[in-house]
Every structure is written in structure tokens, then in C-alpha cells.
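The values are calculated or read from the model by the stated rules, or taken from the named source; none is laboratory data. The model shown is predicted, which means the values in this text are computed figures rather than measured ones. With ideal geometry, Cβ positions are generated from the backbone for all residues, glycine too; neighbour counts draw on all protein chains shown.
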Amino acid sequence: MRIAFIKTLCELAERNDQIWLLTGDLGYSVLEQFANRFPDRYLNVGVAEANMIGIAAGLALSGRVPFVYSIVPFVTMRCFEQVRLDVCYQNLNVKLIGVGGGLCYGTAGASHHSLEDVAITRALPNMTVVCPGDPIETQAAIRASASRTGPVYVRLGRSREPVVHPSPPEFRIGTGITIYGGNDITIIATGNLLASAKSVADELNVRSIATRLISMHTVKPIDKDLILKAAQETRAVFTIEEHSVIGGLGSAVAEVLAENGTRKVLFRRLAIPDAYFQEVGSQEYLRHKAGLSVGQITEYISNIVRQRK
Amino acid sequence: MPKLAENYEKLPREIRRRIVRMVFRSQTSHIGSALSVVDILTVLYFKILSIDPKNPQAEDRDRFILSKGHSCAALYATLALRGFFSEEILESYCQDDGRLPGHATMHCVPGVEVSTGSLGHGLAIGSGMAIAAKRANQKYRVFALLSDGECDEGSVWEAAMFAGHHKLDNLTAVIDRNRIQAFGSTDQVLDLEPLADKWTAFGWAVRKIDGHDYVQIEETLADVPFEPKKPSAIIAQTIKGKGVSFMENKLAWHYKSPNAEQLAQALAELGDIE
């Protein structure tokens with residue numbers, strides 16, 4: 001996703017000379033193509049994220065369109081007050097690009113895990129929160145965020161994420177993408193678990209559980225209509241995300257269902273439990289520990305669905 | 001624009017009178033901090049800044065950021081007197097359904113460039129504006145007014161390092177050195193000294209002035225950048241509560257607001273000459 005991001009940003013910057021790229025000294029071997037092509041619009045501010053967001057706000061107040069890049073915790077949490085006041089309160093055209101969403105930096109430990117970022121950015125007025133599910137969605141999300149006025153947070157994975165969409169889907173911020181149209185149950189996934197969610201849906205379909213699969217790349221504003229349609233037309237809704245069970249996609253969907261649900265629908269959130277990992281390991285390993293491997297999710301859903309038949 | 005020399009006595013007094021009334025009416029805090037910066041704001045807005053109240057968003061205008069946003073009563077009063085908006089609006093300061101909140105807020109009235117209130121934000125934003133101008137060969141300048149207590153914030157020094165590194169000589173920081181912060185003297189809470197040396201070490205050209213001496217303020221601000229390829233820092237020695245005898249250098253007036261009697265005394269001291 002990093003590569004899709006930087007390639008797309010370079011294309012955009014070619015056409016729009018107001019686009020800048022800022023980094024807090026991260027993105028080695030990724031950002032150079034922008035830095036080399038547009039040196040006057042590139043800034044490595046050093047390891048100083050609070051300052052970076054302030055500078056981005058100053059650039060935006062001067063008519064520029066800064067994309068601000070770092071690892072998720074450092075571009076959202078370290079500088080949260082600057083994001084809140086400098087960017088969101090002033091409703092400035094600043095784009096936050098977080099790399100390594102969820103457990104991408106698994107072995108690096110809790111400092112580099114990003115499991116609360118969607119919750120806190122979603123709470124900010126004026127903020128748009130987008131979690132692309134594959135490189136195709138990343139490309140589309142970067143384009144869409146550049147043409148959307150106002151703050152956007154794009155939560156990326158890291159590298160070598162599989163392509164989920166065989167061809168570029170129609171992508172609009174705030175509109176989920178229906179990948180499969182089954183009518184038994186619905187899986188709503190976001191971000192870098194989309195590929196896993198697709199494998200789960202494939203397996204459930206093999207087991208004759210007709211599974212609707214929605215890529216909810218935009219967590220804010222959430223696509224209420226698509227959620228309510230799924231709740232009407234299928235008998236269970238599952239959310240899948242590599243984020244804390246508190247405050248992310250699952251919470252956003254729960255809010256919609258609780259306030260608007262027209263009938264009782266079985267609803268479960270599959271997410272990271274409300275705890276710091278005590279275990280050391282890779283993204284795959286930690287997903288397994290959290291019950292979020294493809295096999296675990298598949299068994300969990302199919303068991304629930306069988307019990308409730 | 002009024003000629004400043006003949007207004008040096010009058011303008012700051014009028015601004016201070018408005019501040020005292022605004023804070024009395026709203027019974028809010030920070031009157032000492034607002035009175036502290038009046039002379040600096042007067043010189044900036046009536047002499048130094050290239051601005052046009054009729055075209056407050058002009059592309060080439062100089063930018064001013066009140067990083068110590070809690071002094072905004074002084075900024076609002078200065079902007080009103082400079083013609084950015086009607087003086088009547090000052091009466092709505094911190095009132096229900098009013099237009100002027102208790103920390104500087106952009107868009108609430110013309111002329112406020114940046115929303116502040118949490119300390120340590122303004123210099124980074126100013127650095128962003130300054131590097132935008134540098135890279136595009138634009139000629140506008142950026143001025144940020146910080147409190148001395150604000151320099152406790154690490155983000156001030158992140159921005160200071162950045163501006164020094166990038167040689168932003170179109171950026172000036174004025175530090176309102178009144179030596180009093182929320183719990184007492186800056187020496188006791190968290191010693192800032194040697195403050196000038198710190199800015200120098202971060203790559204800035206530094207001057208110390210009397211922050212209530214209009215001539216010094218004007219001569220110094222007119223002389224930026226002090227050195228080519230360096231941002232300029234002005235450490236302005238000031239008195240918290242300046243202009244009202246019983247508020248001067250008193251920590252309590254970081255919090256208190258005047259009662260009717262105190263208002264009358266303050267206005268008497270500031271000369272009822274409207």
C-alpha cells in the first residue's frame with residue numbers, strides 16, 4: 001500500500017503544484033521518488049510530529065495541500081492535539097497518511113501497533129477516516145482525499161498486501177463497496193483485513209452460507225444506507241477490523257444498527273480485544289492470538305450461524 | 001493609518017481601556033496576560049504589519065499569530081481599533097451568543113489568522129506559513145507572539161529548530177517575557193534562563209528589548225531579519241497587568257476579573273479620554 005500511495009501521490013503532484021509531502025523522518029526507500037521529483041514541495045521535518053502537523057496547518061493556511069506521512073501512532077496519537085486544533089478545528093486541507101495500520105509492525109511491539117487510531121480520529125469533527133483494503137483502494141483513496149476539501153486520515157497497511165479487487169471498483173468516500181452480494185449473512189470489513197475477509201467469505205460460500213461482503217473503506221462518514229440494507233436483507237452482520245474492539249468500524253456499525261435497526265439482526269464485532277498484546281510476534285501470529293486468522297473467523301461465524309439457524 | 005508617533009500615548013491606552021471593560025463585562029480570566037502585550041500589538045498593527053483591514057485575506061499580507069491565545073482580548077481590541085471590525089463586537093467578548101471566544105479563533109472576526117489557545121502551537125504554524133512563502137518566493141512575513149511560560153512546551157523548540165534549520169528569516173517570534181506563569185514566577189516553576197542563549201543555540205538571531213518602550217519595539221521590529229538567513233527572536237521584557245497599577249506583576253490577575261470599583265479605578269488610571 002505504501003508503494004500505491006507514493007505512486008499515486010506523485011501522479012497527483014504532477015498535475016497539482018500545491019500538493020506537498022511531509023514526513024517525520026520515516027518512509028526510507030518509499031518517499032524518495034516524490035522527494036527527487038518535487039524537492040520544493042517535500043519536507044522531512046525530522047522526528048518531530050507535533051511540529052509536523054503545525055507546519056502542515058501553516059501550509060494549508062497558505063493554500064497548499066500537505067500530505068503528512070508517518071507510522072500510524074506517530075501521525076495520529078503523538079500529535080493528536082495538533083490534529084484536533086490546528087487541523088480539524090480550523091477545518092484545514094491537511095491529509096494524514098498513516099502507514100502500518102493495525103498490527104503491520106507486529107514484532108515491533110505496542111509502541112508501533114495502531115489499535116486506537118480509528119477511534120480517536122473518528123471522534124474529531126470535520127475529519128474523514130478512510131482505511132483502504134488493498135492497493136487498488138489505496139490508489140483510489142489517495143485520489144479521492146486529494147480532491148476532497150478538508151482533513152482526511154488515510155490508514156494504510158504496509159507492503160505487499162494482496163490485491164482484492166480484480167478491477168478498480170467505483171470508489172467514493174463514504175460509500176461502501178459490495179464485493180459479494182449474498183443474502184444469508186453480511187461481513188463488513190475495513191482496512192488491511194479485507195483480504196482475510198474475502199477468504200472467509202469464499203469459504204463460507206463454499207459451506208453454503210451465502211455471504212455478502214462489503215468493503216467499508218470509509219469509517220467516517222459511515223455508509224448508513226448500506227449497513228441498514230444489509231441488516232434488512234441478511235440475518236447476521238459481522239464487522240472485521242484490525243483495530244481495538246472499542247471505537248472503530250464495529251462501533252460505527254453498532255451505532256447505526258442500534259439507532260436505526262428495523263428488525264433484530266444478529267451482530268458481532270471481530271476486532272482486537274481491549275488489551276495490549278503481551279505476546280511477541282508477527283502480524284499473522286498476533287492476528288491468530290486475537291482470533292482474527294481466516295480459519296478462526298470462518299469457524300466463529302459458521303458456528304454462530306449454525307446455532308442460530 | 002494614524003501616524004504612530006503621535007498616537008503612542010493614546011492607542012495603547014484605548015486598547016487597554018477596552019480590554020478592562022471586556023474582561024469586566026465577561027468576568028473572565030487572563031486580563032494580566034492581555035495587558036502585557038498591548039504595546040507590542042500596537043506597534044505591530046499600526047506600524048509594522050503590511051495588512052489591509054478592507055482586504056484581510058490579501059495574498060501578500062503579513063501574517064500575525066497570537067500563539068498565547070489567552071491574550072486574545074488584546075488582539076480583538078487592537079483589530080477593532082485598526083478597523084477590521086466594528087467596535088460593538090467587542091461587547092460580545094465571552095458573552096452567550098457572542099462572537100468572540102476567550103481564546104483567539106479564526107473566522108470569528110476578520111483579521112484573526114489562526115486559532116490558538118493551547119500553548120505551543122503557533123510557532124509551528126507560523127513556520128509552515130513561512131516556508132510556504134520561501135519556497136514560492138512570496139514576500140510576506142510571519143510574526144508569532146509567544147508567552148514566556150509557553151516556552152515550557154517542547155513543541156516550541158521543535159518549531160524553533162525547524163525554523164533555524166530552514167533559515168526562515170521571514171519569521172519572527174516575539175516572546176512576552178513577563179516572568180509570571182500560572183503558578184508563579186517562571187524562575188520558580190521551570191527556569192527558562194538563559195532564554196536568549198537557547199534561541200541563539202537553535203539558530204535564531206536574538207534581541208532583548210523593553211516590551212513597553214514603543215520606540216524600541218518599533219525600531220526592533222522594523223529591523224527584522226536581524227541577520228540574513230536566520231529567523232529573528234525578540235525577547236520583550238514586559239510587565240504582566242501593565243497599565244493598571246494594582247494588577248501589575250500580580251499573579252492573581254492571571255485569574256481575577258475586576259469588580260465595578262476596580263473597573264472604575266483602572267479606567268481612571270488609563271485616562272478617560274474617548
- prompt: Mind checking whether some residue in the stretch A:49-71 is part of a helix (DSSP H, G or I), surrounded by 24 or more Cβ atoms within 10 Å (Cβ to Cβ), within 11 Å of chain B (Cβ to nearest Cβ) and of a type in the set (V, I, T)?
  reply: yes
- line: B:M106 meets each of (1) within 14 Å of another protein chain (Cβ to nearest Cβ); (2) in contact (Cβ under 8 Å) with a residue 12 or more places away in the chain with one exception, condition (2)
query: Yes or no: A:R122 away from chain B (no Cβ under 14 Å) and surrounded by fewer than 20 Cβ atoms within 10 Å (Cβ to Cβ)?
result: no
- prompt: Applying the selection to the stretch A:238-295, what residues are farther than 25 Å from A:P73 by Cα and touching a residue at least 40 places away in the same chain (Cβ under 8 Å)?
  reply: A:F238, A:L266, A:V294
Residues of the stretch A:72-93 satisfying the condition of being more than 7 Å from every other protein chain (Cβ to nearest Cβ) and either without any contact (Cβ under 8 Å) to a residue 12 or more places away in the chain or under 15 Å from A:L21 (Cα atoms) (or both): A:V75, A:N93
- prompt: Only one of (1) surrounded by fewer than 24 Cβ atoms within 10 Å (Cβ to Cβ); (2) farther than 30 Å from B:K10 by Cβ; (3) within 14 Å of chain A (Cβ to nearest Cβ) is not met by B:P101, so which one is it?
  reply: (2)
Any chance B:A73 is assigned to a helix (DSSP H, G or I), modelled with pLDDT of 95 or more and out of contact with any strand residue (DSSP E or B) (no Cβ under 7 Å at 6 or more places or on another chain): no
statement: Residues in the stretch A:2-41 that are under 21 Å from the mean Cα position of the chain (by Cα), at pLDDT 95 or above and among the basic types (K, R) total 1
statement: Picking from B:G211, B:G128, B:G154, the residue that is within 14 Å of another protein chain (Cβ to nearest Cβ) and closer than 30 Å to B:A58 by Cβ would be B:G128
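Of the residues B:E113, B:E91, only one is in contact with a helix residue (DSSP H, G or I) (Cβ under 9 Å, 6 or more places away or on another chain), acidic (D, E) and outside any loop (DSSP other than H, G, I, E, B); which? Quick ask: steps written out before the conclusion?
Details: B:E113 fails: outside any loop (DSSP other than H, G, I, E, B).
Being in contact with a helix residue (DSSP H, G or I) (Cβ under 9 Å, 6 or more places away or on another chain), acidic (D, E) and outside any loop (DSSP other than H, G, I, E, B) holds for just one of B:E113, B:E91, which is B:E91.
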statement: A:L96: passes all of (1) in contact (Cβ under 8 Å) with a residue 40 or more places away in the chain; (2) assigned to a helix (DSSP H, G or I) but (2)
message: I need the strands (runs of 3 or more DSSP E) fully contained in the stretch B:154-245, keeping only those with at least 2 residues that are surrounded by 24 or more Cβ atoms within 10 Å (Cβ to Cβ), under 16 Å from the mean Cα position of the chain (by Cα) and of a type in the set (A, V, I, L, M).
response: B:171-177, B:232-237
message: Restricting to the stretch A:14-38, name every residue that is buried (at least 22 other Cβ atoms within 10 Å of the Cβ) and free of Cβ contacts under 8 Å to residues at least 40 places away in the same chain.
response: A:F34
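Is it true that A:A140 is more than 14 Å from every other protein chain (Cβ to nearest Cβ), under 22 Å from A:I272 (Cβ atoms) and of a type in the set (A, V, I, L, M)?
So A:A140 fails the test.
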- prompt: Going through the stretch A:198-230 one residue at a time, which ones are charged (D, E, K, R) and more than 24 Å from A:E259 (Cβ to Cβ)?
  reply: A:K198, A:D202, A:E203, A:R207
